[in-house]
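Have a look at the structure below before the remarks.
The values are calculated or read from the model by the stated rules, or taken from the named source; none is laboratory data. Treat the numbers as computed from the prediction; the structure is a model and nothing was measured. We place every Cβ from the backbone using ideal geometry, glycine too, and count neighbours over all the protein chains shown. Only protein heavy atoms, including side chains, enter the accessible area calculation; ligands, DNA and RNA are left aside. Shrake-Rupley method; radii C 1.70, N 1.55, O 1.52, S 1.80 Å.
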Amino acid sequence: MREITIGQYIPGNSAIHRLDPRTKILITFAFMILLFVIDDFTGYVFPVAFIIAASILSGISVRYMVRGLRPLLVIILLTFILNLFLIKGRVIYEIGPLSITYEGLYQGTFMVLRLVLLIVGTSLLTLTTSPITLTDGIESLLKPFSKIGVPAHELAMMMTIALRFIPTLMEETDKIMKAQMARGADFSSGNIIKRAKSVVPILVPLFISAFRRADELAMAMESRCYRGGENRTRMKKLQMTWEDLAAFIATGVLAAGCLASRFLW
Amino acid sequence: MAAEIVAEGVCYQYPQAADMALKDINLRIRKGEFVAIIGPNGSGKSTLAKLFNGLFVPTKGKVTVDGLDTRDRNNIWKIRQKAGMVFQNPDNQIVATMVEEDVAFGPENLGVPPEEIRKRVYEALEIVELTEFAQKPPHLLSGGQKQRVAIAGVIAMRPDYIILDEPTAMLDPVGRKEVINTVKRLNKEEGKTIVLITHFMEEAVQADRVIVMDKGRVVMMGTPREIFSQVEELKAIGLDVPQVTELAHRLRRWGLKVRGDILTIDEMVECLCPLL
Ligand SMILES: Nc1ncnc2c1ncn2[C@@H]1O[C@H](COP(=O)(O)OP(=O)(O)OP(=O)(O)O)[C@@H](O)[C@H]1O
Ligand SMILES: [Mg+2]
């Protein structure tokens with residue numbers, strides 16, 4: 001579980017790290033949409049250049065970002081293979097009943113590139129933004145929608161608490177597992193059903209303790225005058241600077257390039 | 001307006017519970033005091049603590065904080081700001097993923113302006129001596145440090161009263177000492193009124209006044225010296241006395257002429273030396 005690198009924050013103080021989280025979230029969304037605007041290979045020049053520029057500015061190498069793709073390799077391969085065999089057209093090669101077509105090869109490569117850019121682009125957001133800052137950004141962006149019933153503050157608070165308790169619960173899981181192992185439990189052998197069964201004695205105490213924690217936390221929050229998002233102030237205010245402006249301009253250039261590649265060429 | 005917490009004829013019954021958890025409690029906690037509450041398990045200490053800041057309201061009788069009645073829901077946030085609460089498990093009362101943000105949580109809820117929050121947070125961290133941990137995630141701190149973060153979180157709300165419900169119960173001896181020293185400093189230097197619920201008699205000895213609870217009632221009240229000299233009575237309700245007091249008690253039974261109200265090792269030494 002600890003080996004997953006997609007989305008793990010790398011602390012730093014680069015220009016990209018310093019950007020307002022709202023800027024980064026909005027740009028990531030724009031980036032995702034623009035990827036779907038592009039309709040041929042030449043169009044990919046723009047997002048690739050964008051990613052490389054961001055990578056240089058953030059000090060996180062493209063190689064590191066690509067390494068994050070590994071857990072998603074199966075999905076990427078599957079996309080490629082399905083496109084390769086399922087699209088009808090000029091046949092290049094035949095294996096039994098299956099045939100690879102020129103169109104399939106083109107479309108498969110095109111889709112894989114889009115997927116890779118999509119993943120690398122979004123992971124750049126989470127690699128350079130701490131979860132707390134990200135949460136603050138989401139809350140701030142959703143705030144205008146709270147009038148139509150989007151629970152912006154509540155969602156952010158839930159995320160904060162989840163982030164706060166993940167390490168605590170992991171530690172506890174570890175402790176319970178060790179305690180069960182000391183009594184002869186075996187978590188690493190046997191078939192799937194046997195292994196699934198051996199997880200029950202971990203989950204039950206974990207859940208009981210999580211509910212107790214939730215109860216106590218609610219009490220502690222109430223004692224500290226927590227009453228939802230109303231009239232609440234924040235110590236840290238989000239502030240956009242000229243760097244954010246520069247980032248938006250760069251995104252504007254990216255958008256112009258992508259649109260031009262589709263509609264002009 | 002009286003500057004004190006007052007409980008008058010307070011009874012409390014948990015919903016669905018057959019028995020009263022608190023029965024006719026009358027007491028007064030004056031501003032600036034350091035009060036310790038001791039009592040066996042299930043004697044109602046935590047329940048009483050939760051009545052002091054309006055987490056619970058009395059089933060009968062009333063609790064007032066600086067004259068504000070906890071039954072009046074309009075007072076509730078004012079009361080909780082005045083009477084801060086620290087709980088037993090440090091892990092279950094820290095809300096944020098960074099120390100300074102957690103300390104800021106209370107003042108943020110009170111709607112304090114951002115600049116003022118920052119000032120309060122750093123003042124509070126200084127008082128509990130954790131300034132250098134401001135940017136750390138709380139789960140990397142020791143138990144004693146986490147409990148001091150929780151205390152800082154309360155201080156940042158600028159309360160007059162700080163109620164601590166067994167804050168040292170889950171800590172090792174080092175953490176326990178850190179927390180108790182912090183609590184004593186809050187009382188002596190910051191002038192905060194302290195209500196310390198504890199199972200450790202050595203901690204209760206340091207208070208100005210000790211309240212003993214048993215089966216939902218206050219059974220004794222007085223200075224630590226008055227309380228702990230009643231060794232037999234305390235033992236009858238299942239409480240211990242500080243080790244030195246116990247020793248003095250036994251020496252007296254053996255016929256040695258030592259005082260019965262010894263509370264510290266130094267006093268014991270003073271008493272024993274002339275006898276040698
Ligand atoms: N949520 C609850 N529902 C019903 N009864 C409760 C609840 N919490 C506590 N009680 C009962 O109220 C009584 C007082 O409990 P309380 O927790 O105040 O005791 P305590 O002195 O704090 O004990 P401890 O030293 O174990 O913390 C006990 O008899 C307990 O069983
Ligand atoms: Mg208790």
Express as a percent, rounded to the nearest 5, the fraction of DSSP beta bridges in chain B (both residues included) that run antiparallel. 50 percent
Can you list the HN-Hα couplings for region A:242-251, worked out from phi with the Karplus curve (6.51, -1.76, 1.60; θ = phi - 60°), rounded to whole Hz and with x for Gly and Pro? 5, 5, 5, 4, 4, 5, 5, 5, 4, 5
Interchain or long-range residues, amide H under 5 Å from B:VAL86's placed H: B:ILE163, B:LEU164, B:ASP165
So, R0 is 22 Å and r is the distance between the beta-carbons of A:GLU171 and A:ALA196; what FRET efficiency does that work out to, to 0.05? 0.45
Taking the Cα centre of chain A as origin, work out the dipole magnitude from +1 charges on Lys and Arg Cβ and -1 charges on Asp and Glu Cβ, in debye rounded to 20. 480 debye
Listed by chain and number, the residues whose amide H is under 5 Å from that of B:MET221, excluding neighbours fewer than 5 places away on the same chain and using placed H, are B:VAL212
Taking H placed 1.01 Å from N in the peptide plane, check which residues at least 5 places from B:CYS11 or on another chain put their amide H under 5 Å from its amide H. B:ASP24, B:ILE25, B:THR59, B:LYS60, B:GLY61
Positive-end extreme of charge dipole, chain A - chosen from A:ASN13, A:ALA250, A:ALA182 (charges on Cβ): A:ALA182
Selection from B:LEU141, A:PHE36, B:THR193, by position along the positive dipole direction of the protein assembly as shown (Cβ): A:PHE36
Given the rule -39500 (n - 2.57) for each run of at least 4 DSSP H residues, summed and divided by the residues of chain B, what is its mean residue ellipticity at 222 nm, to the nearest 500 deg cm²/dmol? -10500 deg cm²/dmol
³J(HN,Hα), Karplus 6.51/-1.76/1.60, whole Hz, each residue of region B:173-180, x for Gly, Pro: x, 5, x, 4, 5, 4, 5, 5
Kindly report, to the nearest 10 Å², the accessible surface of B:GLU190 as traced by a 1.4 Å probe over protein heavy atoms only. 80 Å²
Work out the length of the dipole vector of region B:25-160 about its Cα centre, built from +1 on the beta-carbon of each Lys and Arg and -1 on the beta-carbon of each Asp and Glu, and round it to the nearest 20 debye. 780 debye
Cut-off 15 Å between beta-carbons: net charge of the residues surrounding A:GLU243, Lys and Arg +1, Asp and Glu -1: +1
Taking A:65-78, B:165-178 and ranking on average Cβ neighbours within 10 Å, highest first, one gets B:165-178, A:65-78
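Could you work out the local net charge near A:PRO167, counting Lys and Arg as +1, Asp and Glu as -1, over the other residues with Cβ closer than 11 Å to its Cβ?
On the way: positive: A:ARG164; negative: A:GLU171, A:GLU172, A:ASP174, B:ASP91.
So the environment of A:PRO167 carries a net charge of -3.
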Using alpha-carbon coordinates, inclination of helix B:114-127 to the longest axis of chain B, degrees: 20 degrees
Average beta-carbon neighbours from other chains, 10 Å sphere, peptide A:202-215: 1
³J(HN,Hα) across region B:247-257 via Karplus (A = 6.51, B = -1.76, C = 1.60, θ = phi - 60°), whole Hz, x for Gly/Pro? 4, 4, 4, 5, 4, 5, 5, 7, x, 6, 8
Roughly how many debye, to the nearest 20, is the charge dipole of region B:90-157 about its Cα centre, given +1 on each Lys and Arg Cβ, -1 on each Asp and Glu Cβ, and no other charges? 120 debye
